[in-house]
Amino acid sequence: MTNFVPQMGSNNQGPWNDFENYCRSLASQGKEIYIITGPVGNIGTIAGGRIVVPQYTWKVVLILPNGSNDLQRVTRSTRAFGIVVPNFPPLNSNTPWRQFRVTVDAVENLTGYNFFSAIPINTQAIIERRRDVQ
Ligand code: MN
């Protein structure tokens, strides 16, 4: 499986789903959104040991107004952040997604990935360490 992982119901049907709806609402308001999603960690397996259950699921987003030449339109003010949602109990499915919001830097540290690496390093550093408050 390359595009889905076992997710606890209170994760997938709770803040995870709410955040996906939030991203859809931004898109319908005229934004263009880069979304990177993945699992991290290992809290066990299912299917006879063939499928890992991740400890957390995460997303990283970068939000621009609709347009072209996206890379050239990224500035120090560009909004970028992530969420890291537990995939283990206890997780109340009513927990607002904003409670799991983190910086891009935090997701980079958690996963070892370097997101948005095409953005010039100074701008990348600024937008990746900024705490999103919207
Ligand atoms: Mn980066």
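Where a number appears in this text, it was derived from the coordinates with a stated rule and is not lab data. Nothing here was measured: the structure is a model prediction, and the numbers come from that model. Here the Cβ positions follow ideal geometry from the backbone for every residue, glycine too, while neighbour counts run over all protein chains shown.
With the requirement that a residue be surrounded by fewer than 18 Cβ atoms within 10 Å (Cβ to Cβ), assigned to a loop (DSSP other than H, G, I, E, B) and more than 16 Å from the ligand (Cβ to nearest atom), what does the range 60-90 give you?
The answer is N66, G67, S68, N69, S77, F88, P89, P90.
Is it the case that the range 114-126 has a residue that's touching a Pro at 6+ places or on another chain (Cβ under 9 Å), of a type in the set (S, T, Y) and in contact (Cβ under 8 Å) with a residue 40 or more places away in the chain?
No; the residues of the range 114-126 include none that is touching a Pro at 6+ places or on another chain (Cβ under 9 Å), of a type in the set (S, T, Y) and in contact (Cβ under 8 Å) with a residue 40 or more places away in the chain.
Looking at the range 96-118, is at least one residue over 15 Å from the mean Cα position of the chain (by Cα) and more than 13 Å from the ligand (Cβ to nearest atom)?
For the range 96-118, residues over 15 Å from the mean Cα position of the chain (by Cα) and more than 13 Å from the ligand (Cβ to nearest atom): absent.
Please name all residue pairs, on different chains or six or more residues apart, with Cβ atoms under 7 Å, provided the first residue is in the range 69-81 and is more than 17 Å from N114 (Cβ to Cβ) and the second residue is assigned to a helix (DSSP H, G or I).
T75/T123; R76/T123; R76/I126; R76/I127
Right, T57: hydroxyl-bearing (S, T, Y), surrounded by 15 or more Cβ atoms within 10 Å (Cβ to Cβ), closer than 23 Å to R130 by Cβ and away from the ligand (no atom under 16 Å from the Cβ) or not?
For T57, the condition - hydroxyl-bearing (S, T, Y), surrounded by 15 or more Cβ atoms within 10 Å (Cβ to Cβ), closer than 23 Å to R130 by Cβ and away from the ligand (no atom under 16 Å from the Cβ) - is met.
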